[in-house]
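One structure is given below, encoded as structure tokens.
Computed from the coordinates by the stated procedures, all read-outs in this text should not be read as laboratory data. On a predicted model such as this, the values are computed, not experimentally measured, just so you know. We place every Cβ from the backbone using ideal geometry, glycine too, and count neighbours over all the protein chains shown.
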There are 2 protein chains.
Amino acid sequence: MRGPLAAMNDSPTIAVIGGGAIGGYYGARLAQHGHDVHFLLRSDYDAVRRDGWRIRSYAGDFCLAPDASHICNDPRQMPPADLVLVAIKTTANDQYESLIAPLLKHDTAIVSLQNGLGNDERLAELFGAPRVVGGMAFVCSNRLAPGVIHHIAYGRISVGEFGSPPGQRVARIADLFTSSGIPAEVLADLRQGRWKKLVWNVPFNGLGAVLDQSTDRLISDDGGVQIVSALMKEIIVAAESLGLAMPPDMAGRMLRHTRTMGAYRTSMQIDRQGGRPMEIESILGEPLRQARRQGVQTPRLEMLYEMARMLDNHGVEREIRPIQ
Amino acid sequence: MRGPLAAMNDSPTIAVIGGGAIGGYYGARLAQHGHDVHFLLRSDYDAVRRDGWRIRSYAGDFCLAPDASHICNDPRQMPPADLVLVAIKTTANDQYESLIAPLLKHDTAIVSLQNGLGNDERLAELFGAPRVVGGMAFVCSNRLAPGVIHHIAYGRISVGEFGSPPGQRVARIADLFTSSGIPAEVLADLRQGRWKKLVWNVPFNGLGAVLDQSTDRLISDDGGVQIVSALMKEIIVAAESLGLAMPPDMAGRMLRHTRTMGAYRTSMQIDRQGGRPMEIESILGEPLRQARRQGVQTPRLEMLYEMARMLDNHGVEREIRPIQ
């Protein structure tokens with residue numbers, strides 16, 4: 001199964017699981033470029049089936065009529081896929097089996113575009129490591145309403161094999177994106193790539209959610225920059241303890257880059273504001289557990305994780321209650 | 001001036017600066033027991049001058065008619081005081097000079113009942129160290145409305161000399177409280193006392209404010225207890241680096257004690273909810289700076305301080321804003 005995707009030379013069947021900011025955007029782009037895309041949606045099913053996709057993109061808006069892709073709400077009614085793009089929230093990972101198993105044939109590749117750590121491993125446990133390809137989306141996008149995605153900036157995809165060096169399969173998956181107007185690159189080391197992304201995600205998703213502040217506010221003064229940098233440093237040290245090389249001045253470059261993003265709200269902040277579960281375990285919890293197993297001290301990550309958990313457990317008080 | 005307060009043998013003149021949860025409660029108790037109390041109020045002046053004090057206390061409610069104490073709004077119209085009890089928020093410490101200077105005679109003692117660190121030092125700079133006595137209030141009380149104080153639990157006062165061992169002066173101040181139904185004790189070492197109180201105040205005020213959660217929620221599971229304990233440990237290590245002995249199992253005893261308090265909201269959480277400035281510098285910032293000067297690492301305190309500062313700088317978003 002490590003070989004090329006059987007049908008990907010001509011017209012691979014692509015299943016996109018989830019129609020939010022990630023699945024909606026990338027799936028619509030692939031369909032826009034004529035690929036055979038089948039979306040598996042739940043809460044947005046009726047709306048997208050009726051109205052199709054509307055993508056408001058900094059690179060140019062586009063719409064997809066309902067019949068430009070297949071909109072489904074039951075995986076058992078979908079065709080076997082050559083490629084499954086997993087774009088549900090990691091808080092719903094307990095549904096992997098019911099959502100993905102019906103879509104598999106002998107050589108289906110499963111690409112998790114989800115946040116954080118632990119997703120590839122879980123998919124490998126359920127469906128076998130050879131099927132698993134890891135993907136990362138470097139994109140600022142938000143779901144505004146069912147089927148309405150705001151693509152704010154960026155959009156690059158990275159793909160890498162899970163547990164082995166990259167071969168033809170990931171090169172073809174990267175080509176699939178590139179040929180659909182999506183910059184894509186192949187990762188030599190998926191774990192290294194995931195940890196590099198965490199260097200950004202831990203401080204900005206974590207602090208953004210706990211403080212309910214957009215990225216620009218988190219780095220608006222020296223104190224904020226110091227805390228963000230210290231969190232980045234903890235992730236870098238943890239990654240290095242796992243044998244994963246991190247580039248020099250990574251924190252500095254990420255901070256400069258973040259300044260160009262404006263008042264961006266991370267997905268964890270948006271989930272908090274919407275009263276939805278936040279991706280605490282994949283973005284904060286699993287990195288913390290891996291650092292602990294290496295004997296690496298990450299006190300700031302630990303505190304951020306526990307603070308996020310407390311908010312999630314007890315809910316957010318939204319009103320000024322009278323003092324009684 | 002280190003000697004006994006001149007007039008305290010019979011009927012000392014007591015000025016209480018501030019009529020909130022601390023000044024209102026203790027000042028009203030002293031007046032209830034016949035002492036000559038002069039309150040300096042600002043926003044609550046009209047209401048208290050009209051209606052007096054209403055104290056809802058777990059130990060029994062009581063009211064003070066407007067003429068049972070002197071209600072003032074200008075320190076220049078108040079008599080010279082034997083004892084000044086300072087009970088304003090530390091965020092208003094830039095007003096020390098204008099509020100306190102008019103009240104002083106040659107042997108006036110100034111007792112700050114305020115939170116955190118740095119207040120005694122600032123008073124000593126302005127008015128001379130020999131005038132300064134430090135006080136701490138171990139009380140759960142909230143100001144419900146102008147002149148209406150809810151005394152929820154406890155109430156003990158500790159007093160200690162600033163920069164010298166305790167003598168007759170603090171013993172007499174303690175007697176003044178004790179004879180008014182307020183348990184009071186003399187501290188052998190004021191700094192040690194202030195740091196012991198910080199062991200509780202840093203985690204519960206800091207986390208309570210940043211997460212907007214009451215004390216019971218902060219320690220409702222193992223993860224929360226772990227973070228609270230780790231913050232306590234940082235304060236204990238910082239205090240010990242300053243040569244201040246901390247009792248064994250302090251964190252454990254404080255946690256057990258906190259469990260008896262129920263859903264208590266700390267003053268910083270209440271200030272956050274009310275949109276008022278929080279006492280970030282005295283409760284979090286000054287301990288952090290003192291730890292840094294000792295070369296002690298306090299990463300959790302540092303992060304909590306910066307997180308609180310970010311909330312204070314940028315305000316708290318109270319509504320779920322539509323994603324736009």
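If you count, for every residue in B:209-221, the Cβ atoms of partner chains within 10 Å of its Cβ, what is the mean?
Per-residue shielding by partner chains comes out at 4.
Please list A:73-80, A:186-193, A:213-220 highest first by mean number of surrounding beta-carbon atoms within 10 Å per residue. If you can, show how the numbers build up before the last one.
Working: A:73-80: 14.1, A:186-193: 18.2, A:213-220: 20.8.
Packing order, densest peptide first, comes out as A:213-220, A:186-193, A:73-80.
Taking θ = phi - 60°, what integer Hz values does the Karplus form 6.51 cos²θ - 1.76 cosθ + 1.60 yield along region A:262-276, in sequence order, with x for Gly and Pro?
x, 7, 8, 9, 6, 4, 5, 5, 5, 5, 4, 5, x, x, 9
Can you sort A:Leu255, A:Leu123 by how many other beta carbons sit within 10 Å, fewest first?
Fewest-to-most ranking of A:Leu255, A:Leu123: A:Leu255, A:Leu123.
If R0 is 22 Å, what FRET efficiency do you get for B:Asn313 and B:Arg289 from their C-beta distance, rounded to 0.05?
For R0 = 22 Å, the calculated efficiency reads 0.75.
Rank-order B:115-121, A:273-279, B:131-137, A:29-35 by packing density, defined as the average count of other C-beta atoms within 10 Å over each peptide's residues, highest first. Let's see the in-between values first.
On the way: B:115-121: 21.3, A:273-279: 17.0, B:131-137: 23.6, A:29-35: 18.7.
Highest mean packing first, the order is B:131-137, B:115-121, A:29-35, A:273-279.
Once you keep just the Cα pairs under 8 angstrom separated by 6 or more residues, what percentage relative contact order results for region A:1-144?
Values: 252 pairs, mean separation 37.3, N = 144.
Relative contact order, region A:1-144: 26 percent.
Is there a simple number for the mean count of other chain Cβ atoms within 10 Å of the Cβ of residues in A:134-145, and what is it? Don't jump to the answer; show the numbers that get you there.
Values: counts 0, 0, 0, 0, 0, 0, 0, 0, 2, 1, 3, 2.
Averaged over the peptide's residues, the number is 1.
Taking the axis about which chain B rotates onto chain A, which residue of B lies nearest it as judged by Cβ position, and how many whole Å separate them?
Axis relating chain B to chain A; nearest Cβ residue and distance: B:Pro299, 2.
With labels modelled as points extended 7 Å from the Cα through the Cβ direction, what inter-label distance (nm, one decimal) is found for A:Arg276 paired with B:Gln226?
That separation, rounded to one decimal, is 2.8 nm.
Go through B:Lys89/B:Lys196; B:Lys196/B:Lys233; A:Lys196/A:Lys233 and tell me which ones have a Cα-Cα distance over 18 Å in this structure. Display every interim value, and only then the final one.
Numbers: B:Lys89/B:Lys196 20 Å; B:Lys196/B:Lys233 11 Å; A:Lys196/A:Lys233 11 Å.
Beyond 18 Å between Cα atoms: B:Lys89/B:Lys196.
Report, as an integer, the average count of C-beta atoms from other chains found within 10 Å of each Cβ along A:295-307.
Whole-number average of other-chain Cβ neighbours for A:295-307 is 5.
For region B:92-140, just say rounded, prolate or oblate: build the C-alpha gyration tensor, square-root its eigenvalues into a ≥ b ≥ c, call rounded for a/c under 1.5, and beyond that prolate if a/b exceeds b/c, oblate if not.
Numbers: a/c = 1.73, a/b = 1.49, b/c = 1.16.
It comes out prolate by the Cα gyration axes.
Relative contact order for region A:192-313: what percent, with Cα pairs under 8 Å and sequence separation of 6 or more?
This gives 37 percent for region A:192-313.
Nearest 5 is fine: what % of DSSP beta bridges in chain A come out antiparallel, could you say?
Bridges in chain A are about 35 percent antiparallel.
Given all pairs of different Cα atoms, what value in angstroms does the Kirkwood hydrodynamic radius of region B:192-312 take?
On the way: mean 1/r = 0.0702 Å⁻¹.
After inverting the pairwise mean of 1/r, the radius is 14.2 Å.
Just the ratio, please: alpha-carbon radius of gyration of the protein assembly as shown over 2.2 N^0.38 Å, N its number of residues.
Taking N as the residue count of the protein assembly as shown, the ratio is 1.18.
For chain A, what's the relative contact order in percent, using C-alpha pairs closer than 8 Å and at least 6 residues apart?
RCO, chain A: 15 percent.
Expressed in whole Å with the largest first, what are the equivalent ellipsoid semi-axes of chain A derived from the C-alpha gyration tensor as the square root of 5 times each eigenvalue?
Details: eigenvalues 195, 113, 70 Å².
Equivalent-ellipsoid dimensions as semi-axes: 31, 24, 19 Å.
What is the order of B:Phe177, B:Phe127, A:Phe62, fewest Cβ neighbours within 10 Å to most?
The fewest-first ordering by Cβ neighbours comes to A:Phe62, B:Phe127, B:Phe177.
Find the centroid of the Cα atoms in region A:8-62 and in region B:166-198, then give the distance between the two in whole Å.
Computed from Cα coordinates, the inter-centre distance equals 70 Å.
Evaluate the charge dipole of region A:192-313 about its Cα centre and quote only its size in Debye, nearest 20, assuming +1 on the Cβ of each Lys and Arg and -1 on the Cβ of each Asp and Glu.
Roughly 280 debye for region A:192-313.
List B:Thr260, A:Thr108 from most exposed to least, where exposure is judged by having the fewest other Cβ atoms within 10 Å.
B:Thr260, A:Thr108
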